[in-house]
Amino acid sequence: MHKLDWSDLQYILAVAQHGSLAGAARALSVNHSTVLRRINAFEQSHGVRLFERQRTGYKLTGEGRQLLEAAQDVETVVNSLE
C-alpha cells in the first residue's frame, strides 16, 4: 500500500481545477515541470492514470474523478484545521 501525501493531492486538485500544468503551476507558485513530475510520480507509484493529456488541456479520467472527490473532502478538512 502506498501512503498518500497531502501535497500530492494539492497538485492533483490544481491541475483538475485549472485544466493545465501551467495554470496549476501558477496557482501553486511552482514551475510547470514540477507539476508534471509530481503528477507522473503519483500516477506511477499508485498505478493509476488520473488525467488524459489532450491538446486542449488535462481532463480527468474516471479514476481521477473518484480521487478528486476524495481530495476535495481532504482539502475541506485541512482548510478547517488551518
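The values are calculated or read from the model by the stated rules, or taken from the named source; none is laboratory data. These figures come from a predicted structure and were not determined experimentally. Ideal geometry is used to build each Cβ from the backbone, glycine not excepted, and the neighbour counts take in all protein chains shown. Heads up: the accessible areas ignore ligands, DNA and RNA and are worked out on the full protein's heavy atoms, side chains in. Shrake-Rupley method; radii C 1.70, N 1.55, O 1.52, S 1.80 Å.
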Gain upon complete extension [residue 5, residue 46; 0.36 nm per residue less C-alpha separation]: 13.6 nm
For the range 8-71, accessible area per residue (1.4 Å probe, heavy atoms of protein chains only), Å²: 56
Inter-part distance where the range 35-82 and the range 5-32 are each reduced to a Cα centre, Å: 9
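How big, on average over all directions, is the shadow cast by the Cα convex hull of the chain, in nm²? Don't jump to the answer; show the numbers that get you there.
On the way: hull surface 21.5 nm².
Computed as one quarter of the Cα hull surface, the answer is 5.4 nm².
Please state the charge dipole magnitude for the range 34-78, taken about the Cα centre, from unit charges on C-beta atoms (+1 on K and R, -1 on D and E), reported in debye and rounded to the nearest 20.
Details: 7 positive and 6 negative charges, 70 e Å.
For this selection, approximately 340 debye.
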Charge dipole of the chain about the Cα centre (unit charges at C-beta), most positive-ward option of 6, 45, 22: 22
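With charges only on Cβ, +1 for K and R and -1 for D and E, what is the dipole size of the chain about its Cα centre, in debye, rounded to 20?
The dipole of the chain has a size of about 440 debye.
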